[in-house]
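Encoded as structure tokens, the structure appears first; notes follow it.
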Amino acid sequence: KTLYVGLGGTGVSAILKTKKCFMDTYGEIPPMVGFLAIDTDKSALNEELVGKRGESIKLTKNELLVCTVKQPLQTYKNNQMDFDWIPPVNIKALSSITGNGAGQVRSNGRFIARYNERQIANAVTAAINAINGLIPLKSKYEVDIDQDGLVHPTAINIACSVAGGSGSGMIVDIMCIIEKAMNQVGQNFYIYPWIVLPEVFRAMNSGPSMANVLTNSFGALKELDYLMHLTP
């Protein structure tokens, strides 16, 4: 059982291309495989690829969640205790997050994730429930089991870049949300983050969007390193 999760623009592209690989190979998606892309840019709704059979491959409404904040500055002012981790210098940058991405600012990405936490948790839970559904008796697919007859732990693959605002700002919170949802299901699982690092990201893109690539990456990797070595 496998769930592919993508964060931000890089994550959306990775998940869509992964879905295309399954469609090109099987002509359909096996029932124990699921996809969930989470982005802060409404343009993600228009992403699509063409399969080897000429068909259009897109993420369905259950596979793509676009998170926005309608009045970000007002939301911050009304809930400053909840968002006291936002650096003062970044507060004015909140005005740009009304559906066009996180603006290359990590704290914007996390602000959007925290604001939409319930919506994200519901989407994660729905995706997990979908890959755990009963497989029809006549299905040509079956869930892999080990030599003791036990189902292998569910694999949660998270793809994102830590160079932009959305992926680097969301990754820690999204992993926590997924872990909580999987624990509620009561299944063994592994979370595998697939992180696009800054030099790779800069080789793929150019222009003004590269301004905060190194600082975003440093902040995200420093937090991940700290949490990995934190004694409970």
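Quick notes on this structure:
- Selection within the stretch 60-99 - touching a Ser or Thr at 6+ places or on another chain (Cβ under 8 Å) and open to solvent by 90 Å² or more (accessible area, probe 1.4 Å): Lys70
- Selection count where residues are within 19 Å of the chain's Cα centre (by Cα) and aliphatic (A, V, I, L, M), scope the stretch 211-226: 4
- Of all residues in the stretch 133-147, none satisfies being surrounded by 18 or more Cβ atoms within 10 Å (Cβ to Cβ), farther than 21 Å from Thr18 by Cβ and of a type in the set (A, V, I, L, M).
- Filter result for Asn216 (open to solvent by 50 Å² or more (accessible area, probe 1.4 Å) and either modelled with pLDDT under 90 or in a helix (DSSP H, G or I) (or both)): no
- Residue match in the stretch 124-132 (condition: loosely packed, with under 14 Cβ neighbours inside 10 Å, touching a helix residue (DSSP H, G or I) at 6+ places or on another chain (Cβ under 8 Å) and not in a helix (DSSP H, G or I)): no
- Odd one out for Tyr115 among (1) under 14 Å from Met170 (Cα atoms); (2) out of contact with any helix residue (DSSP H, G or I) (no Cβ under 9 Å at 6 or more places or on another chain); (3) hydroxyl-bearing (Ser, Thr, Tyr): (2)
- Members of the stretch 219-232 that are in a loop (DSSP other than H, G, I, E, B) and open to solvent by less than 90 Å² (accessible area, probe 1.4 Å): Leu230
- Scanning the stretch 100-111 for residues that are closer than 16 Å to Gly11 by Cβ and open to solvent by 40 Å² or more (accessible area, probe 1.4 Å) yields Arg106, Arg110.
- Of the strands (runs of 3 or more DSSP E) lying entirely inside the stretch 1-90, not one contains at least 2 residues that are more than 26 Å from Ala126 (Cβ to Cβ) and touching a residue at least 24 places away in the same chain (Cβ under 8 Å).
- Among the candidates Ala159, Ala121, residue that is assigned to a helix (DSSP H, G or I) and open to solvent by less than 50 Å² (accessible area, probe 1.4 Å): Ala121
- Sub-7 Å Cβ pairs linking a first residue in the stretch 200-215 that is farther than 17 Å from Ser96 by Cβ to a second residue that is surrounded by 15 or more Cβ atoms within 10 Å (Cβ to Cβ) and modelled with pLDDT of 85 or more, at least 6 apart or interchain, are Phe201/Ser161; Phe201/Ala163; Phe201/Val213; Arg202/Val213; Val213/Ala163; Val213/Pro198; Leu214/Pro198, ordered by first then second residue.
- Of all residues assigned to the stretch 181-193, at least one qualifies as being under 21 Å from Met32 (Cβ atoms), surrounded by 20 or more Cβ atoms within 10 Å (Cβ to Cβ) and not hydroxyl-bearing (Ser, Thr, Tyr).
- Some residue of the stretch 39-53 being open to solvent by less than 50 Å² (accessible area, probe 1.4 Å), within 24 Å of the chain's Cα centre (by Cα), within 19 Å of Ser166 (Cβ to Cβ) and modelled with pLDDT of 95 or more: no
The values are calculated or read from the model by the stated rules, or taken from the named source; none is laboratory data. These figures come from a predicted structure and were not determined experimentally. Cβ sites come from the backbone with ideal geometry, for glycine too, and all protein chains shown count toward neighbours. Note: accessible area is taken over every heavy atom of the protein model, side chains too, but ligands, DNA and RNA are not part of it. Shrake-Rupley method; radii C 1.70, N 1.55, O 1.52, S 1.80 Å.
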